[in-house]
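Inspection log for the structure reproduced underneath, given as structure tokens.
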Amino acid sequence: MKAILIHEYGPPEVLRYEDVPDPVPRAGEIRIKVHAATVNRVLDVSLRAGREMPRGATLPLIPGVDCAGVVDAVGPQVSRWRAGDRVAAAGFMPLQFCAEDGNGYDGPHGMMGIKRPGGFAELVAVPACAGVAIPERLDFHRAAVVLRHVPTAWNLLMRVAGLKAGETVLIMGAGGNLGTIGIQIAKNVIGARVIAAAGSDERVELGQKLGADHGVNYATQNIFVELMRITDGKGVDVLYDNIANPQVLPDAFRAIGMNGRLVTAGAHAGPNVAVDFSHLYHKRITIKGMPGYTPADLPDCLAAAAQGKLIPQIERVLPLSCAVEAHRMVENDEGQGKIVLDPMLG
């Protein structure tokens, strides 16, 4: 099969498009014929550049922390899947519920594309229990993006923040992947009042097109003043952030209202941000960080996308052989959506 390999850390050009042996599924594994894999800023691009050494990747490595495609083969002791089934997989493997799935998995553990071969290949073997069925109305490209970002946003808003219908949520980084998904979950799934905040008019407009009730360009507007105006002085119930912008977040934090919640799963613009502790305790604010997701939510995430409640933003779909170009695009921050690699295109 063809795959992308990293033999050494460095610029995008270290990515090699090579022939490698087809993986053979172990007991408890399925093999997926990959139709889509997303390119991620930290777990793919930063890893390739050598900036994620604590994650413990071993070279050579096939990167790619997610994939969507069709079951191509099944290993021994797998009863749930059949060849031809539509499936997506991502993240840490095996998942917590593997032991309960009855598929006898005893293979390597760890993050796909870091501790074990990833999705930047024509074929990839994963624990059967890590697979999630893709609804018929959802194509492979969108399914891969959904599985990469929607579960984290879903967990933050539904479970960690406990956002309720009618509450007001501020979505920071509204033009980014977690931001665009957060807007749609808050509005279309939960029924909250949504304020989209971003650093350009274009990104604010995108947030409003996706359903946000209000928009704030924090590059040209005072975010605290705007938020207090929009909420009639009450402040927001939830602040959803994955950026930790030290120039903007302190003012946004002061606009959190009584019993408000700040939830986060990222800090690429920080990580250090000043917090007004007086506001924190007077308003009884809860701050909680929570990366990852709840496995039981995965089918609901894919179903919401299939129903049209969530529309993942895809900037471009490229052949797997164009992984170098894809990494350059992500490094240069080109576009507002996800870059997807499709091995079926070459």
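The values are calculated or read from the model by the stated rules, or taken from the named source; none is laboratory data. These figures come from a predicted structure and were not determined experimentally. Quick reminder, even Gly has a Cβ in these numbers, built from the backbone with ideal geometry, and neighbours come from all protein chains shown. All accessible areas refer to the heavy atoms of the entire protein, side chains included, with ligands and DNA or RNA removed. Shrake-Rupley method; radii C 1.70, N 1.55, O 1.52, S 1.80 Å.
Of the residues that make up the stretch 268-287, is at least one closer than 30 Å to residue 128 by Cβ and open to solvent by 30 Å² or more (accessible area, probe 1.4 Å)?
no
Looking at residue 251 and the list (1) more than 23 Å from the chain's Cα centre (by Cα); (2) in a loop (DSSP other than H, G, I, E, B), which single condition is not satisfied?
The failed condition is (2).
Can you give me the number of residues within the stretch 288-307 that are open to solvent by 10 Å² or more (accessible area, probe 1.4 Å), within 22 Å of residue 175 (Cα to Cα) and part of a helix (DSSP H, G or I)?
Of the residues in the stretch 288-307, 1 are open to solvent by 10 Å² or more (accessible area, probe 1.4 Å), within 22 Å of residue 175 (Cα to Cα) and part of a helix (DSSP H, G or I).
Taking residue 63, is it at pLDDT 95 or above and not in a strand (DSSP E or B)?
yes
Suppose the filter is at pLDDT 95 or above, out of contact with any Phe, Trp or Tyr (no Cβ under 7 Å at 6 or more places or on another chain) and in a strand (DSSP E or B); does residue 125 pass it?
Answer is yes for this residue.
Considering only residues that are open to solvent by less than 10 Å² (accessible area, probe 1.4 Å), in contact (Cβ under 8 Å) with a residue 40 or more places away in the chain and aliphatic (A, V, I, L, M), which ones fall in the stretch 179-191?
181, 185, 186
As an exercise: evaluate residue 279 against (1) in contact with a strand residue (DSSP E or B) (Cβ under 9 Å, 6 or more places away or on another chain); (2) in a loop (DSSP other than H, G, I, E, B) and give the number of the one condition it does not meet.
All conditions are met except number (2).
Output yes when any residue across the stretch 82-90 is surrounded by fewer than 16 Cβ atoms within 10 Å (Cβ to Cβ) and either part of a helix (DSSP H, G or I) or modelled with pLDDT under 95 (or both), and no when none is.
No, every residue in the stretch 82-90 fails to be surrounded by fewer than 16 Cβ atoms within 10 Å (Cβ to Cβ) and either part of a helix (DSSP H, G or I) or modelled with pLDDT under 95 (or both).
Looking only at residues in the stretch 254-265 that are open to solvent by less than 50 Å² (accessible area, probe 1.4 Å) and either in contact with a Pro (Cβ under 8 Å, 6 or more places away or on another chain) or not in a loop (DSSP other than H, G, I, E, B) (or both), which one is nearest to residue 41 (Cα to Cα)?
Filtering first and then ranking leaves 265.
Count, please, the residues in the stretch 13-43 that happen to be in a helix (DSSP H, G or I) and farther than 18 Å from residue 88 by Cα.
Within the stretch 13-43, residues that are in a helix (DSSP H, G or I) and farther than 18 Å from residue 88 by Cα number 4.
Scan the stretch 136-159 residue by residue and report those that are surrounded by fewer than 20 Cβ atoms within 10 Å (Cβ to Cβ) and assigned to a helix (DSSP H, G or I).
158, 159
On the basis of being under 13 Å from residue 112 (Cβ atoms) and open to solvent by 20 Å² or more (accessible area, probe 1.4 Å), does residue 23 make the cut?
yes
For residue 26, work out the one condition from (1) under 21 Å from the mean Cα position of the chain (by Cα); (2) modelled with pLDDT under 95; (3) closer than 25 Å to residue 87 by Cβ it doesn't fulfil.
The one condition residue 26 does not meet is (1).
Filtering the stretch 308-327 down to residues that are within 17 Å of the chain's Cα centre (by Cα) and free of Cβ contacts under 8 Å to residues at least 60 places away in the same chain, which residue is least open to solvent (accessible area, probe 1.4 Å)?
Per the criteria, the residue is 315.
Filter the stretch 235-248 for residues that are in contact (Cβ under 8 Å) with a residue 24 or more places away in the chain and assigned to a loop (DSSP other than H, G, I, E, B); which is surrounded by the most Cβ atoms within 10 Å (Cβ to Cβ)?
Filtering the stretch 235-248 for residues that are in contact (Cβ under 8 Å) with a residue 24 or more places away in the chain and assigned to a loop (DSSP other than H, G, I, E, B), the one surrounded by the most Cβ atoms within 10 Å (Cβ to Cβ) comes out as 242.
Applying the selection to the stretch 223-251, what residues are among the small types (Gly, Ala, Ser) and more than 16 Å from residue 178 (Cα to Cα)?
Hits for the stretch 223-251 are 233, 235.
Looking only at the stretch 186-202, decide whether some residue is under 18 Å from residue 288 (Cβ atoms), touching a Phe, Trp or Tyr at 6+ places or on another chain (Cβ under 7 Å) and modelled with pLDDT of 95 or more.
no
What are the residue pairs meeting all of these: first residue in the stretch 203-215, first residue at negative phi and surrounded by 21 or more Cβ atoms within 10 Å (Cβ to Cβ), second residue small (Gly, Ala, Ser) and assigned to a strand (DSSP E or B), Cβ atoms under 7 Å, and 6 or more apart or on different chains?
Correct list of pairs: 204/196; 204/198; 204/215; 207/196; 207/198; 207/215; 212/196; 215/196.
So that you can scan it fast, the table gives a plain yes or no per residue for (1) at pLDDT below 90; (2) assigned to a helix (DSSP H, G or I):
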position: 68; (1), (2): no, no
position: 72; (1), (2): no, no
position: 99; (1), (2): yes, yes
position: 108; (1), (2): yes, no
position: 111; (1), (2): yes, no
